[in-house]
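I have placed the structure first, in the form of structure tokens, so that the comments after it can refer back to it.
The values are calculated or read from the model by the stated rules, or taken from the named source; none is laboratory data. If you're wondering where the values come from, they're calculated on a predicted model, not measured in any experiment. Please note: Cβ atoms are built from the backbone with ideal geometry, for glycine as well, and neighbour counts cover all protein chains shown.
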There are 2 protein chains.
Amino acid sequence: MGAIETAIDTVKQMIIDGELRPGQKLPVEKNLAEQLGVARNTLREAVRALVAMRVLQTRQGDGTYVTSLSPDLLLDGMSFVADIHLDAGAGEFLHVRRILEAEATALAATRIPDADLARLGDLLDEAETVAACDPVDHEKMVALDQDFHALIASHCGNAVLAAVIQNMSGRTVRARVWRGMSDPEAVHRTLREHRAVHRALLARDSERARLHAALHVLGVEESLTGSRAFAGEAAHG
Amino acid sequence: MGAIETAIDTVKQMIIDGELRPGQKLPVEKNLAEQLGVARNTLREAVRALVAMRVLQTRQGDGTYVTSLSPDLLLDGMSFVADIHLDAGAGEFLHVRRILEAEATALAATRIPDADLARLGDLLDEAETVAACDPVDHEKMVALDQDFHALIASHCGNAVLAAVIQNMSGRTVRARVWRGMSDPEAVHRTLREHRAVHRALLARDSERARLHAALHVLGVEESLTGSRAFAGEAAHG
DNA sequence: AACTCCAATTGATCCGATGAATGTGATTGG
DNA sequence: CCAATCACATTCATCGGATCAATTGGAGTT
């Protein structure tokens, strides 16, 4: 095994074993390189790899530190995975997101504070205002959509679940979904579904919330594959 | 923003934009560094970070290539996240795994080929043989357990779902769970649950498979939290 | 006590050189 | 002509040193 990989695994193992704790400062590059028996440049590449994984954090002039290692931090590389698979695998990502978001919404129904329920309502009001404009500000809609789902997920009581959901659909994927909604009716359908989820949360009804959340993501899935035909939209026409 | 982060994001964006495709060879370090306007060492640290994310792959004497970018490859850093959170967050990871594994098992019920159903049976037979030995070879049990779940997940028809499940519980977490099963009865209960999942798959019954899979993971969760704490206290005292 | 300024510390970046692994094409033997 | 072998060019891996930039902490001043 190469020297760099060895150095990476050594630091990883030190963290797993508890020798390095979150927030702790590492020795200076010169000493740590000597301790691991590699050149400073080699150590830097190992450190850089761990920084990319959000395991370490460097501050010029200060030192290198272990991050908080919180799941939401370490899992945020997943959004890049979702972004580069928006052609072939977007449907698969959305399927996973549907499963997880349904569960998270059900969990949040009994945990989200009243204040944040009100904030969800505000987000929806703002989204409807934006949707009424012509032309629609898609970037604003993407941001509001993301805030809505993130706020719910953050109150499911499971940080790992929230982090995975948050990163399951990257910005690029979400932006593409909204770009595809040039049809005003599709935008309004999405807003109706969000309202339905919100009402279920207000009623503290986990099962209703679960179903509406699942149905909402399913609608997104079907609008991506172009196979929505029988649902609510045909009834309107 | 630093030069290295700029280089990382540039390469990432080239992949998202399709300028760099899976399997494609990158220019030699010297040229690419010049093209991005950084020194070779700086570029190497950027490349090393992308290698750590499984986005690039380097072969000494040959060159640097874009990987297949398949979800199972890019998501395998998650196992490290699971490993370092086995103290505080193991329960949360298992909760997510329970949700996903239940769905994947239900999906696999109608998709897994007969040959692999037979192979699942072989795995269970072997596991029972190992469990009957004294002392039990825990490493062998961990490997068989992992094979069992991986084989099912691989036939759920969703590569992303399979990859997330596969990496949701890292080796360390799984090993710890099995180490905790010094009680022969816990081992036998796990094997019974595996058999139940297997029978449901044989019957091609998605709902039965879903329930048994969820129940199985739930059992692991409970053995880690409530019961295990009790048993551990008693054993220590 | 609070502020300013400077020097030490530390990571960031760059440069050049050598080692190691791979691919390629010429050479050689059949 | 074909196959095996070997030397060479290419390329990444690793190393040591040098300079730049940002932060920190203490000396000195008000």
- Would you check if there is a residue in the stretch A:29-41 being within 16 Å of DNA strand D (Cβ to nearest atom), β-branched (Val, Ile, Thr), without any contact (Cβ under 8 Å) to a residue 60 or more places away in the chain and surrounded by fewer than 21 Cβ atoms within 10 Å (Cβ to Cβ)? yes
- Kindly check whether there is at least one residue in the stretch B:1-11 that is among the aliphatic types (A, V, I, L, M) and free of Cβ contacts under 8 Å to residues at least 24 places away in the same chain. yes
- Query: Hey, among A:LEU86, A:LEU69, A:LEU43, A:LEU75, which residue is at pLDDT below 95 and more than 8 Å from every other protein chain (Cβ to nearest Cβ)?
  - Reply: A:LEU86
- Message: As an exercise: evaluate B:GLN60 against (1) surrounded by 17 or more Cβ atoms within 10 Å (Cβ to Cβ); (2) at the interface with another protein chain (Cβ under 10 Å from one of its Cβ atoms); (3) within 10 Å of DNA strand D (Cβ to nearest atom) and give the number of the one condition it does not meet.
- Response: (1)
- Note on the stretch A:2-38: residues under 18 Å from B:THR42 (Cβ atoms) and within 11 Å of chain B (Cβ to nearest Cβ) are A:ILE4
- Residue count, the stretch A:176-196 (criterion: of a type in the set (Lys, Arg) and either under 18 Å from A:ALA143 (Cβ atoms) or not assigned by TED's automatic domain parsing to the domain that holds A:LEU94 (or both)): 2
- Qualifying residue in the stretch B:168-187 (condition: within 14 Å of another protein chain (Cβ to nearest Cβ), in contact with a Gly (Cβ under 7 Å, 6 or more places away or on another chain) and crowded, with 20+ Cβ neighbours inside 10 Å): no
- Query: Looking at (1) buried (at least 17 other Cβ atoms within 10 Å of the Cβ); (2) β-branched (Val, Ile, Thr); (3) under 22 Å from A:ARG171 (Cα atoms); (4) not assigned by TED's automatic domain parsing to the domain that holds A:LEU26, which is the only condition A:VAL51 fails?
  - Reply: (4)
- Task: Kindly indicate whether any position in the stretch B:201-214 is under 25 Å from B:PRO135 (Cα atoms) and surrounded by fewer than 18 Cβ atoms within 10 Å (Cβ to Cβ).
- Result: no
- Query: Identify, please: which residue in the stretch B:138-167 is small (Gly, Ala, Ser) and under 19 Å from B:PRO113 (Cα atoms) and is, among those, farthest from the other protein chains (Cβ to nearest Cβ)?
  - Reply: B:ALA150
- Message: Being in contact with a strand residue (DSSP E or B) (Cβ under 8 Å, 6 or more places away or on another chain) and charged (D, E, K, R) is true for just one of A:LYS30, A:LYS25. Which residue is that?
- Response: A:LYS25
